[in-house]
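Derivation of every value follows stated rules applied to the coordinates shown; laboratory data play no part. Quick caveat, the model's predicted, so the values are computed rather than measured. A quick note on method: Cβ atoms are made from the backbone with ideal geometry, for glycine too, and the neighbour counts reach across all protein chains shown.
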Amino acid sequence: MKLTAVFPGTFDPITNGHLDIISRGRDLFDRIVIAILRNPDKDPLFALEERAEILKTVVGPWSNVEVDSFDGLLIDFVRARGARVIVRGLRALSDFEYEFQMTLMNQRLEPGIQTVFMMPSEAYSYVSSRLVKEVARLGGDVTGLVPPDVATRLNRRFAGMRRGGGRG
Ligand code: PNS
C-alpha cells in the first residue's frame, strides 16, 4: 500500500528549512502533500494564492510532492487525502512544547494518524518564516535562507512598503 504523508504549515513564506524537510520526507514516503493553512486570522504577508504559487514552483521538479490548502481541522484534511502520517519539522527545543500539544490533540481526534518529526540540517535549525520576514523587512539579506524566488518577492514587497509606508 502506498504511504502518503501530509506536511502542513502556514508557509508564509516557505524557507529552505521547510524544503529540507520536504526533501527528506519524499525519500521516506510515496507521496507528500503540502497542506497550506488558509489562515486569514494570522494576517499572512503572502496571500494563499501567492504562497501556493511559490510552493508549486519550488517543488515542481519533485514528482511525488503536491501542493494543496486547507481550512478547519488538519486531521479532517489528512483523512480526506487518504493519508496516515503528518510530517512536522523540529528545529530546537523551543518547538517541542507547541508540537507536543498539537500532536497529542491530533492523536486524540484521530488515533489512527501518526505524526512523524524530522530535523532539518543544522544549517537551517534557526531559520523560521517569522525571522526571515523580520530580517527582510529591516533590509537584511535573506539569501540562502529561502528559495531565490522568495528572496526576490520579500525584497520587492518590503521595498514597496518602505516606499509606500504601509503593508503593501
Ligand atoms: O507552520 P505552522 O504555522 O506552525 O503550522 C501550524 C499548523 C497549520 C500545522 C496548525 O496551525 C494546524 O494544524 N492548524 C489547523 C487547525 C487544527 O487542526 N487544530 C487542532 C489540532 S492542534
Practice item. Between beta-carbons, use under 12 Å as the cut-off and find the net charge around Thr103, counting Lys and Arg +1, Asp and Glu -1. Key: -2
Point to revise | the chain: most fluctuating residue of Lys133, Lys56, Lys42 per GNM, C-alpha cutoff 10 Å | key: Lys42
**Study point:** Among Val59, Ile14, Ile86 - extreme Cα towards positive end, dipole of region 4-124, charges at beta-carbon
**Key:** Ile86
**Study point:** Order by protection proxy (mean Cβ within 10 Å, highest first), peptides 152-159, 102-109, 91-98, 15-22
**Key:** 15-22, 152-159, 102-109, 91-98
Point to revise | Cleavage-rule hits (trypsin sites (Lys or Arg not before Pro)) in region 1-33: DSSP loop, at most 11 neighbouring Cβ within 10 angstrom | key: Lys2
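From the C-alpha gyration tensor of region 1-56, pull out the three semi-axes of the equivalent ellipsoid (sqrt of 5λ each), sorted largest to smallest, in whole Å. Let's see the in-between values first.
Details: eigenvalues 105, 28, 15 Å².
Computed over region 1-56, the values are 23, 12, 9 Å.
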Study note, to complete from the structure: Checked against the positive end of the charge dipole of the chain (+1 on Cβ of Lys and Arg, -1 on Cβ of Asp and Glu, about the Cα centre), the farthest of Thr103, Thr4, Ala35 is Ala35
Review point. What value does region 1-106 have for Rg/Rh, both radii from Cα atoms and Rh as Kirkwood defines it?
Key: 0.93
